[in-house]
Amino acid sequence: MATRADSGHPVQTPALDAHALRRDFPALQQEVHGHPLVYLDNAATTQKPVAVLDAVQRYYREDNANVHRGIHELSRRATEAYEGARAKVARWIGAADPSEVVWTRGTTDGINLLAAAWGLDHVKEGDEILLSVLEHHSNLVPWHLLARRTGARIRYIEIDDQGEWILDDLPELLNERTRIVSLSHVSNSLGSINPVEQVVPEIRARTDALIVLDGAQGAPLLPVDVHGLGVDFYAFSGHKMCGPTGIGALWGRRDRLEAMEPYQGGGEMISLVERDASTWAEVPHKFEAGTPNMAGAVGMGAAVDYLESVGRDAILAWEQALVRYALDRLSDLPGITIYGPRAVERRSGVVSFTLEAAHPHDISTIVDMHGVAIRAGHHCAQLVMQRYGTAATARASFYIYNTREDVDRLVSSLHEVLKIFG
Amino acid sequence: MQEPQLNSLYQQLILEHYRNPRNKGEMDDSQVEVHMRNPSCGDEIKLQLRVEHGRIADVRFTGQGCSISQAAVSMMTQLLKGKPVDDVGSMADRFTEMMHGDEEAAKDRRMGDLRALAGVSRFPVRVKCALLGFDALQEALRKLGDSSTEN
Ligand SMILES: Cc1ncc(COP(=O)(O)O)c(C=O)c1O
């Protein structure tokens, strides 16, 4: 039984035990090119714990049936697992009502849903869509497509040298033509935790725009409270938080969801179909045409259970502890440039850097040969790369199972890079 | 299969071309110019050519990217000067064979310094870096062909 400290002091959050967690992840128990794997590409996708793999298997082995369609026992169980997972995912982002959570294929799918289902009905020529230069391509291109179809204009919040939004211009960027503001909660390329708590009320005060947060990097890391944030939509992906690929969620405020037309048509999303027309099912099913990714949903629910057992407050604290250590060790390397906020409190577990001596691809190939997996490239954030006048960076990104020893291995393999290119 | 070795990838000759690229710069009197990007990684080059009497009279490039892409372009331009345009296709094919692990191609003396890149074939994700230059070259010759048939 857990005992609370009765001395009146706040209960100390136990730091997570990364060495123990690591054992839950089969993919981490391998050698790559003759070295034990150090997986530092978590911003791209995280590894999956046994609990998630088992939940997906169990679903297929024992419960598999089409949801919401059958009267029979398996269909009942499948539906229960599927809707139970929706409730877990809702709880993870602080949503009071699971029916405000729409299953998607991931963040990209959620944003495209909004651009099509809300955007095409509400955005007209001359309207404005406000984004930021930090955005991932999946929070840029759907809006570019919408702008092209409607004649809307895209505007941007710029970033400073440390990858933080320049908010002085915000009043000028917002006006009565602003229809949509879509921003990332946390940047995938630089790791900036964006000040959405400050910005969202300002947007609300100045416009009645739809406010969307790209939570692909925020949901895996931060204790999210969608109601407290005051946004209209929050999109995120299962695979970046220990869940399966091909599943994600879009949370939306009920009145917004109800006012919106469906995205795709098909089975599951209708109430009544007649010869010329049909009427829609209730939210959220209205947005879930066709047989959904049931096993994926169950797996994402299991991922939430797993992360809750890790302790959500511990996740951010651990990643920032690793980043603090990594920044400290990396800054000794000759010719290194580290991008992103200087203050560790404003960073996620992402460290983006370049070396004067070697290109990011060469860095990535060489560290890979030492068993260290990092990402090299533009990280689907070409506007960020352009802002800093570079085509690519190397990026190490941590998650709950990474350790200080992993950082040490990264640093020692970077010394091998310098030996070759020095 | 034996582990690929880093020292077979990063040969001294490659690093030398990376640090001191040949034919890097711009020319004023080019007949054709091609911009080529590798969208997945951001490597890019601009290649300029001048052809006289069916031979490549001059070639220059500018660009940025990894050691493999930039060294490969540098080595390629070194080989091109004075070559009959008609030979370029078979050179490109030979290099592609080398990138797919053909050991005969890797020994072909006509390939000059490019032979140092043979080790790239053991690093499949890097092959597209090495091919960027030849992709640009073939696009340039296609453009040149189009404009000469139009005129
Ligand atoms: C910030 C951010 N937004 C959006 C996405 C897109 O997510 P997905 O590819 O899972 O749809 C990603 C990751 O790829 C991301 O890091």
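The values are calculated or read from the model by the stated rules, or taken from the named source; none is laboratory data. For clarity, every value in this text was computed on a predicted model and none was experimentally measured. Glycine also receives a Cβ, built like all others from the backbone with ideal geometry; neighbour counts cover every protein chain displayed. Please note that ligands, DNA and RNA were not included when accessible areas were found on the heavy atoms of the full protein model with its side chains. Shrake-Rupley method; radii C 1.70, N 1.55, O 1.52, S 1.80 Å.
Observations, loosely collected:
- Chain pair B, A: total accessible area buried, heavy atoms, 1.4 Å probe, Å²: 1400
- A:T207 accessible area, assembled protein chains, probe 1.4 Å, Å²: 20
- Candidates per trypsin sites (Lys or Arg not before Pro) in region A:182-268, loop by DSSP, up to 11 other Cβ within 10 Å: none
- Here the ratio of the Cα radius of gyration of the protein assembly as shown to 2.2 N^0.38 Å is 1.09.
- Mean residue ellipticity (222 nm) of the protein assembly as shown, computed from DSSP H runs ≥ 4 via -39,500 (n - 2.57), nearest 500: -11500 deg cm²/dmol
- Percent RCO, i.e. relative contact order, over region A:247-365, from Cα pairs under 8 Å lying at least 6 residues apart: 17
- Of the residues in region B:21-48, those shielded by at least 50 Å² of accessible area once partner protein chains are present, compared with the chain alone at a 1.4 Å probe, are B:C41.
- Solvent-accessible area lost in complex, 50 Å² minimum, residues of region A:348-370 relative to chain alone, 1.4 Å: A:H359, A:H361, A:D362, A:T365, A:M369
- On the basis of the beta-carbon distance and an R0 of 51 Å, B:S8 and A:D305 show a calculated FRET efficiency of 0.65.
- Protein-protein interface of region B:107-132, residues with accessible area decrease of at least 10 Å², isolated chain reference, 1.4 Å probe: B:F123, B:R126
- Relative contact order %, chain A, counting alpha carbon pairs below 8 Å whose residues are six or more apart: 23
- Among A:305-318, B:18-31, A:188-201, the peptide with the highest mean count of other Cβ atoms within 10 Å heads the list, and the full ranking is A:188-201, A:305-318, B:18-31.
- Test item: B:8-18 mean partner chain Cβ contacts at 10 Å: 2
- Calculated FRET value between A:H227 and A:D408, using beta carbons and R₀ = 41 Å, to 0.05: 0.50
- Among beta bridges identified by DSSP and lying wholly in the protein assembly as shown, the antiparallel ones come to about 70 percent.
- Accessible surface, per residue, of region B:1-65 when the full set of protein chains is kept, probe 1.4 Å, Å²: 55
- Whole-number percent relative contact order across region B:2-150, with pairs defined as alpha carbons under 8 Å at least 6 apart: 28
- Under the simplified labelling scheme, the B:D28-A:D160 pair shows an inter-label distance of 4.6 nm, with each label point 7 Å from Cα along Cα→Cβ.
- Beyond 28 Å in Cα-Cα separation lie the following of the pairs A:K419/B:K83; B:K24/B:K128; A:K48/A:K286: A:K419/B:K83; A:K48/A:K286.
- Separation in nanometres of the label points that stand 7 Å from Cα toward Cβ, at A:D168 and A:W280: 4.3
- With all protein chains kept in place, the per residue accessible area of region A:52-308 amounts to 40 square angstrom at a probe of 1.4 angstrom.
- Anisotropy class of region B:2-150 from Cα gyration tensor, a/c 1.5 cut: prolate
- Protein accessible area in the protein assembly as shown, 1.4 Å probe - carbon and sulfur %: 48
- The mean accessible area for residues of region A:327-422, using a 1.4 Å probe and ignoring ligands and nucleic acids, is 34 Å² per residue.
- Prolate/oblate/rounded label for region A:52-308 (Cα gyration tensor, a/c 1.5): oblate
- Segment B:E16-B:S40, extension gain: residue separation times 0.36 nm, minus the distance between their alpha carbons: 6.1 nm
- Counted over region A:52-308, the DSSP beta bridges are approximately 45% antiparallel.
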